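The values are calculated or read from the model by the stated rules, or taken from the named source; none is laboratory data. This is a predicted model, so every value here is computed, not measured. Note that we place each Cβ from the backbone using ideal geometry, even for glycine, and neighbour counts take in every protein chain shown. In case anyone asks, the SASA skips ligands and DNA or RNA and just uses the protein heavy atoms, side chains included. Shrake-Rupley method; radii C 1.70, N 1.55, O 1.52, S 1.80 Å.
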Amino acid sequence: MPENETIPAVIVFGDSIVDAGNNNDIRTIIKCNFVPYGKDFDGGVPTGRFCNGKIPSDIIAEELGIKDMVPAYLDPTLKTQDLITGVTFASGGTGYDPLTSKLASVISMGEQLNYFKEYIAKLKAVVGEDQTNFILAKSMILVVAGSDDIANTYFVLRARKLQYDIPAYTDLMVNSAAGFVKELYGLGARRIVVIRTPPIGCVPSQRTLGGGIERECAEDYNVAAKLFNKKLISVLNSFRTSMPDGRYVYIDVYNPLLDIIQNPKKYGFEVANKGCCGTANIEVSILCNQLSPSTCTDVDKYIFWDSYHPTEKAYRALVTPVLQKVINEFF
């Protein structure tokens, strides 16, 4: 980073990719606060992270030298210092479409904003209004969502398929995402990083459900993801004119993750179409548990931990190269 510049905190919104345990104590089946989740995390503790180890928000905070991990806002052991250096409001199973969180009984993006407002009030009580405004303006605000809308709400559950074709549904998602970013801006956020939706049709569970007998990538899922990404970048670019004192960084994980999946050996992986947990074709959340048929012996060979979420090693391969791009765009 340039001299005399700082990123005091990482503040996170979104879905299971960056949920550090907010789902643990709410009434939903979308949980993972049990083994084998977390087997490589801080002594093998299952915290509610949908991974074997650290998730992207943890890796970013670690790489920036802020702290080792970003805790869940609803963690009952949350410390005052964590408010100052950042928390995650993310909830596994949520999405930009309000129906997505209802179907999964998880915390909606709108509810995450309400928690953010509560957080701001707590922060003011700790460090005062001026320092709070500084933290909000200078921190990295990370937003990760969209995969559950496409994979679950639209394709698997077909809850929107009769109402919308893919172009219309991606319009709904983009409008919601744009409204979310505007709300963040209105609350004082100025450095906002939005993560592009990945090639969701190539994750193991979607191969199983939509990839035919050969379990190929489900291309209709990927077409939807690419269309959403294209529309979202256009909207974010428009914010540079309408809200010019903000920085809006759009990170492509679609192509890098697709390259890892298509060329696993280049990145030190061996298994690209199955997860480490269970049969590796369908298990995720409550289906990936200590009673699952098996868990792989060498997780570093796998791109995916369960049938939906990458391993810590895969996350590091994705996050580390793009972080300098984010810094460059901020400053």
Subject >> Estimated [θ] at 222 nm from DSSP helical runs (n ≥ 4, -39500 (n - 2.57)) normalised by residues in the chain, nearest 500 >> reply: -12500 deg cm²/dmol
Original post:
Counting only protein heavy atoms, what percent of the accessible surface of the chain is carbon or sulfur at a 1.4 Å probe?
Top reply: 52 percent
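Considering the convex hull of the alpha carbon atoms of region 162-281, report its projected area averaged over all viewing directions, in nm², one decimal.
Working: hull surface 38.5 nm².
Computed as one quarter of the Cα hull surface, the answer is 9.6 nm².
What whole-number value in Å² describes the accessible area per residue of the chain for a 1.4 Å probe?
Roughly 41 Å² per residue, with all protein chains present.
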Subject >> Under the Karplus curve 6.51 cos²θ - 1.76 cosθ + 1.60, θ = phi - 60°, whole-Hz ³J(HN,Hα) for region 72-81, x wherever Gly or Pro sits >> reply: 5, 4, 8, 4, x, 9, 4, 9, 4, 4
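Relative to the compact-globule scaling 2.2 N^0.38 Å, provide the ratio for the alpha-carbon radius of gyration of the chain.
Numbers: Rg = 18.7 Å, N = 331, 2.2 N^0.38 = 20.0 Å.
For the chain, the normalised Cα radius of gyration comes out at 0.94.
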**OP:** Determine the dipole magnitude for the chain: charges of +1 sit on the beta-carbon of Lys and Arg, -1 on that of Asp and Glu, nothing else is charged, the reference point is the Cα centre, and the result goes in debye to the nearest 20.
**Re:** 380 debye
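When you count, for each residue, the other Cβ atoms within 10 Å and take the mean per peptide, how do 31-37, 236-242 rank with the highest first?
Highest mean packing first, the order is 31-37, 236-242.
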Original post:
Taking amide H positions as placed 1.01 Å from N in the peptide plane, with prolines and chain starts having none, which residues 5 or more places from L64, or on another chain, fall under 5 Å of its amide H?
Top reply: none
Original post:
Any idea how far the Cα center of region 100-119 sits from the one of region 236-253, in Å?
Top reply: 23 Å
Original post:
With axes computed from alpha carbons, what is the tilt in degrees of helix 129-138 against the longest principal axis of the chain, rounded to the nearest 10 within 0 to 90?
Top reply: 40 degrees
Original post:
What residue among T197, Y308, I84 has its Cα farthest toward the positive end of the dipole of the chain, where the charges are +1 on Lys, Arg and -1 on Asp, Glu, each on the Cβ?
Top reply: T197
**OP:** Per residue, how big is the convex hull around the C-alpha atoms of region 1-123? Give it to me in cubic angstrom, could you?
**Re:** 108 Å³
Original post:
Distance in nm between label sites at V223 and D259, each 7 Å beyond Cα in the beta-carbon direction?
Top reply: 2.6 nm
Original post:
Roughly how tilted is helix 109-127, in degrees to the nearest 10 and between 0 and 90, from the longest Cα axis of the chain?
Top reply: 40 degrees
